[in-house]
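*Asks:* Quick one: the structure is below, and I'll ask about it shortly.
The values are calculated or read from the model by the stated rules, or taken from the named source; none is laboratory data. It should be emphasised that the depicted structure is a prediction, and the values quoted were computed from it without experimental measurement. Counting neighbours? That spans all protein chains shown, and the Cβs are built from the backbone with ideal geometry, glycine included. Ligands, DNA and RNA are stripped out before the accessible areas are found, and what is left, the full protein with its side chains, is counted by its heavy atoms. Shrake-Rupley method; radii C 1.70, N 1.55, O 1.52, S 1.80 Å.
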Amino acid sequence: MIEQDTVKLLRECDAGIKMGVSSIDDVLGHVKSEKLKTCLDECKNEHDKLQTEVGELLVNYGDEGKNPNPMAKSMSWLKTNMMLAADMSDSTVADLITDGCNMGVKSLNKYLNQYEAADEISKDITKRLINLEEKLAVDIRDFL
């Protein structure tokens, strides 16, 4: 049970990280403020580090990881492009990223509770990812 929950939790982290990086990539070209761009770049770099950790652990378990839900990714892309078409401002970018962070935190906490038999290493990675998402949402509040 521990190994099964561990792999499932790591797979959800993998999908969440990929979704977060994709969302940041979708908006970076629209950012005007250097401060906001720096916040997003730093967060993306931290996501990349966690992605490496998760990927290595999944390989050790013989798992290929998980991609984000295609429907969720499509809806995110559509919302991003519609909102930016209406208002291409840093405020819109901050709003979109904050919504994404909040959804990520909610989902990751759900999976942390659902896969409670997961090992401490995967739980720690999940908590670090949650903290990263929460920190980004706080760091970009000035742009809302």
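*Asks:* For region 103-144, which positions are over 19 Å from Val54 (Cβ atoms) and not in a helix (DSSP H, G or I)?
*Replies:* Ile140, Leu144
*Asks:* Hey, could you check region 1-45 for residues that are within 30 Å of Tyr115 (Cα to Cα) and among the hydroxyl-bearing types (Ser, Thr, Tyr) and say which is least open to solvent (accessible area, probe 1.4 Å)? Explain how you work it out, then say what you get.
*Replies:* So the first thing to find is which residues in region 1-45 are within 30 Å of Tyr115 (Cα to Cα), and the list is 1-25, 40, 42-45.
Next, from what is left, pick out any that are among the hydroxyl-bearing types (Ser, Thr, Tyr): 6, 22-23.
Details: Thr6: 1, Ser22: 24, Ser23: 32 Å².
The selected residue is Thr6.
*Asks:* Is region 72-85 home to any residue that is hydrophobic (A, V, I, L, M, F, W, C) and within 17 Å of Arg141 (Cα to Cα)?
*Replies:* No: zero hits.
*Asks:* Additional query: Looking only at region 40-73, which residues are under 23 Å from Ile121 (Cβ atoms) and hydrophobic (A, V, I, L, M, F, W, C)?
*Replies:* The answer is Cys43, Leu50, Val54, Leu57, Leu58, Val59.
*Asks:* Of all residues in region 14-48, how many are within 12 Å of the chain's Cα centre (by Cα) and closer than 27 Å to Leu144 by Cα?
*Replies:* Pass one, region 14-48, residues within 12 Å of the chain's Cα centre (by Cα): 14-25, 40, 43-48.
Now drop any that are not closer than 27 Å to Leu144 by Cα, which leaves 15-25, 40, 43-48.
Number satisfying all stated conditions: 18.
*Asks:* Can I ask one more? If Met88 meets every condition in (1) of a type in the set (A, V, I, L, M, F, W, C); (2) closer than 23 Å to Val138 by Cα; (3) open to solvent by 70 Å² or more (accessible area, probe 1.4 Å); (4) under 18 Å from the mean Cα position of the chain (by Cα) apart from one, which number is that one?
*Replies:* Answer for Met88: the failing condition is (4).
*Asks:* Just the residues that are within 20 Å of Asn45 (Cα to Cα) and touching a residue at least 60 places away in the same chain (Cβ under 8 Å), please, taken from region 102-134.
*Replies:* Gly104, Leu108, Ser122, Ile125, Thr126, Arg128, Leu129, Leu132, Glu133 - these are the residues of region 102-134 that are within 20 Å of Asn45 (Cα to Cα) and touching a residue at least 60 places away in the same chain (Cβ under 8 Å).
*Asks:* Hey, can you tell me all the residues within region 46-71 that are of a type in the set (A, V, I, L, M) and loosely packed, with under 11 Cβ neighbours inside 10 Å?
*Replies:* Going through region 46-71, the residues of a type in the set (A, V, I, L, M) turn out to be 50, 54, 57-59, 71.
Correct list: Met71 only.
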